[in-house]
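Asker: Take this structure first; my questions come after.
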Amino acid sequence: MFLRRITQHVRDQNWLAVGIDFLIVVVGVFIGIQVANWNAERQAQDRRAMVTQALLADLKDAANVQQAVIATPIRQGLTVWQLAFDRGEQPPPFYLRMPGSDTAPDTWGMLQQEQLSELFDPITLFDLGFYYSELDGVGRRYIRYVSFVENEILPYLKADSAVFYSEDGAELKPVYAASMDRLREYGRESEKLRQWAQCLIHRIEAEREFEALCGRNDFLLEGMPTHLGASH
């Protein structure tokens, strides 16, 4: 109907009406494009919010686990063991077994399907990839550690604890001393990962670009590296 009206105006040489009709078409197309752009922008914002919420939830959960379930129990358990050993006792080697699965969910693998390069600046994106790579690597070391615990410590807990010590009872056998050394290292790595996660949480919640990385060895005070505030 609209096309027929324009055609009739051209036949009648009513150029004012033709101009008005043309203006109506242009405005209609412009409004349609703007509405489509607004919808796309809103969908992008909703998608970013959903991805960000999932990422923050995972980082906060990981930071809590790394402190409350790993680093703090290791520190406390090793202290209790050392006190008992210093009293002349022969406590079994301290070990850590976390409840639930030995492996964390592959959050990063799932999030990579969400075209993260469109959601985060390159520095933050690199940091996230590096963090999750380290988290996976440290997790694999824990699996090797807990396999030793289940095969070499748990079966002997109901036996005489002297089985874990040298013949003179003065020290742990090297293999058990080494397992506790690995546990100390795991506790330190978990603390670094906790601080790293806190740095990433700060960056994501700040919603701005950063110039420097949240490097795993840069933490001095409670997860706040000296360059944390650098932005542009």
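Computed from the coordinates by the stated procedures, all read-outs in this text should not be read as laboratory data. Keep in mind it's a predicted model, so treat the numbers as computed, not measured. Cβ: placed from backbone, ideal geometry, glycine included. Neighbour counts: every protein chain shown.
Asker: Could you run the Karplus curve 6.51 cos²θ - 1.76 cosθ + 1.60 with θ = phi - 60° over region 133-140 and give me ³J(HN,Hα) per residue in whole Hz, x for Gly and Pro?
Answerer: Couplings: 5, 5, 4, 5, x, 5, x, 5 Hz.
Asker: Let me ask something else. At 0.36 nm per residue, minus the direct Cα-Cα distance, what do A206 and R47 gain on full extension? Give it in nm, one decimal, please.
Answerer: 55.5 nm
Asker: Right, another one. Which of the lysines could a cross-linker bridge to K192, judged by Cα under 16 Å and excluding same-chain residues fewer than eight apart?
Answerer: Straight-distance partners of K192: K60.
Asker: Let me ask you something else. Order these peptides, 64-72, 118-126, 85-93, 195-203, by their mean beta-carbon neighbour count within 10 angstrom, highest first.
Answerer: 195-203, 64-72, 118-126, 85-93
Asker: Okay, moving on. Quick one: net charge of E152's neighbours, Cβ under 15 Å, K/R +1, D/E -1?
Answerer: +3
Asker: For an R0 of 45 angstrom, estimate the FRET efficiency from the Cβ-Cβ distance between W38 and L213 and round to the nearest 0.05.
Answerer: 0.80
Asker: Subtracting the Cα-Cα distance from 0.36 nm times the residue separation, let me have the gained length for S161 to I143 in nm, one decimal.
Answerer: Taking S161 through I143 to full extension adds about 4.0 nm, to one decimal.
Asker: How high is the relative contact order of region 50-206, given as a whole-number percent (alpha carbon pairs under 8 Å, six or more residues apart)?
Answerer: 46
Asker: Y165's amide H: which non-local residues (gap 5+, or another chain) put their own amide H closer than 5 Å, with H modeled 1.01 Å from N in plane and none for Pro or chain starts?
Answerer: K173
Asker: If we sort 134-143, 157-166 on the protection proxy, mean other Cβ atoms within 10 Å, highest first, what's the order?
Answerer: Ranked by mean Cβ neighbours within 10 Å, highest first: 134-143, 157-166.
Asker: Continuing with the same structure: What FRET efficiency, computed as 1/(1 + (r/R0)^6) with R0 = 22 Å and r the Cβ-Cβ distance, is obtained for M110 and A68, rounded to the nearest 0.05?
Answerer: The computed FRET efficiency comes out at 0.35.
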